[in-house]
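K.L.:
Dumping the structure here so I can ask a few things about it.
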Amino acid sequence: MAKLIILGSSNAISSKESENTHMVLVGEERIVMVDCVNNPIHRLNQAGVDFLGLTDMVLTHFHPDHVSGVPLLLMDMWLRGRTEPINIYGLHHTLDRMETLMHLYSWENWPDFFPVAFHRLPESEKTLLFDSDDFKVTSSPVHHLIPAIGLRFDFKNSQKSLAYSCDTEPCEEVARLAEGVDVLIHEATGASQGHSSAQQAGQIASRAEVGKLYLIHYPTGEYANGNLIDEAHQHYQGEVVLATDFMTLDF
Ligand SMILES: [Zn+2]
């Protein structure tokens, strides 16, 4: 059975209990990290996932609260003797910058560095990233401050499905990507340019007729405010859950 582990649930200003939003999907064949922040190996270890076992990484957009951990993760894998290649998926905007960042770290001079395959995705709806025995992964562009993608996972064994909005204003692309999924994980930073409130997340969940709504990327610690679950329920009648770090969802 595949599972999703929430490794972080906070917006850009993380707190002691809540790391920046990122997650890992563990299947039989593939282990997929979605965004990568801080030094991710500690959260992965705490979640019982060997960081050397990661096969794929999806980078939703090039903001530090989503990709700051990539250089250190790659370096730690290299230092631990990884030889297996890793796949990294993202838009041109994201991967061009990630490659530039790695060049600034002179990674071409790191001896015997394992192969990294960058897969540049078009900014078109329902783009296929890969199709494995565990799940099929697709992406759609969403409405953030910079080019960004939301994701959908369709699980083979259970026939269940999951969508993740990433950072976005409420948009039809997410509603279409998430249409009829069992679980929608939607951001709830608050109503502002490039972001959504919990109430707006509820509207999208309603429009997409999803089975269950998880709110993520919300203000935490001293910045936590309001009852986000009640706000989402103003427009969505299904179950609403506040995603928290290390929450695990089985598919
Ligand atoms: Zn962002």
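K.L.:
Could you please let me know if Ala191 is of a type in the set (A, V, I, L, M), at pLDDT 95 or above and either more than 16 Å from the ligand (Cβ to nearest atom) or outside any strand (DSSP E or B) (or both)?
P.N.:
In short, no.
K.L.:
What are the residues in the stretch 235-251 that are assigned to a loop (DSSP other than H, G, I, E, B), polar (S, T, N, Q) and in contact (Cβ under 8 Å) with a residue 60 or more places away in the chain, if any?
P.N.:
Result: Thr244, single match.
K.L.:
Of the residues in the stretch 61-94, how many are without any contact (Cβ under 8 Å) to a residue 60 or more places away in the chain and either within 16 Å of the ligand (Cβ to nearest atom) or of a type in the set (D, E, K, R) (or both)?
P.N.:
Matching residues across the stretch 61-94 total 14.
K.L.:
What's the total number of residues in the stretch 149-165 that are within 13 Å of Tyr89 (Cβ to Cβ) and out of contact with any Leu (no Cβ under 7 Å at 6 or more places or on another chain)?
P.N.:
1
K.L.:
Enumerate the strands (runs of 3 or more DSSP E) found wholly within the stretch 109-174, keeping only those where 1 or more residues are within 16 Å of the ligand (Cβ to nearest atom) and over 17 Å from Val210 (Cα atoms).
P.N.:
So the answer is 135-142, 148-155.
K.L.:
For the stretch 37-60, which positions are touching a Gly at 6+ places or on another chain (Cβ under 8 Å) and in contact (Cβ under 8 Å) with a residue 40 or more places away in the chain?
P.N.:
Correct list: Arg43, Val58, Thr60.
K.L.:
Considering the stretch 190-213 alone, what residues qualify as being in contact with a strand residue (DSSP E or B) (Cβ under 9 Å, 6 or more places away or on another chain), crowded, with 20+ Cβ neighbours inside 10 Å and under 15 Å from Asn11 (Cβ atoms)?
P.N.:
Residues satisfying the conditions are His195, Ser196, Ala198, Gln200, Ala201.
Matching residues to (1) out of contact with any Asp or Glu (no Cβ under 8 Å at 6 or more places or on another chain); (2) closer than 24 Å to Ile13 by Cα:
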| position | (1), (2) |
| --- | --- |
| Glu28 | no, no |
| Ile31 | no, no |
| Asn38 | no, yes |
| Phe51 | no, no |
| Leu54 | yes, no |
| Val58 | no, yes |
| Asp65 | yes, yes |
| Gly81 | yes, no |
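K.L.:
Please go through (1) touching a strand residue (DSSP E or B) at 6+ places or on another chain (Cβ under 8 Å); (2) at pLDDT 95 or above for Asp134 and return the number of the only condition it doesn't satisfy.
P.N.:
If we test Asp134 against (1) touching a strand residue (DSSP E or B) at 6+ places or on another chain (Cβ under 8 Å); (2) at pLDDT 95 or above, just (2) comes out false.
The values are calculated or read from the model by the stated rules, or taken from the named source; none is laboratory data. Bear in mind that the values here come from a model prediction, so they are computed numbers and not experimental data. FYI the Cβ positions are ideal-geometry reconstructions off the backbone, even for glycines, and counts take in every protein chain you see.
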